[in-house]
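The structure appears below as structure tokens.
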Amino acid sequence: MQPLSELAAELGVQEATLRQWVSRGQLVAVRRGRRLYSHPLLTLRGKGGPE
């Protein structure tokens, strides 16, 4: 698990995009304190994220 900011850099998208994916149920994330954490394998629609 890694913070969304690091995951965004790894996937080549903005952190706000990942937050949208989470809100749409396309990326599984957990909240620890005030930060969201996820992993590239937790996208629900392929390696690069939702299309």
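The values are calculated or read from the model by the stated rules, or taken from the named source; none is laboratory data. Here the structure is a predicted model, which is why all the values come from computation and not from measurement. Here the Cβ positions follow ideal geometry from the backbone for every residue, glycine too, while neighbour counts run over all protein chains shown.
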### Message
Among (1) assigned to a loop (DSSP other than H, G, I, E, B); (2) of a type in the set (G, A, S); (3) modelled with pLDDT of 95 or more, there is one condition G48 misses while meeting the rest; what is its number?
### Response
(3)
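Just to be sure before I move on: is A8 surrounded by fewer than 15 Cβ atoms within 10 Å (Cβ to Cβ) and modelled with pLDDT of 90 or more in the structure I sent?
On the way: surrounded by fewer than 15 Cβ atoms within 10 Å (Cβ to Cβ): no; modelled with pLDDT of 90 or more: yes.
Spelling it out, it is not the case that A8 is surrounded by fewer than 15 Cβ atoms within 10 Å (Cβ to Cβ) and modelled with pLDDT of 90 or more.
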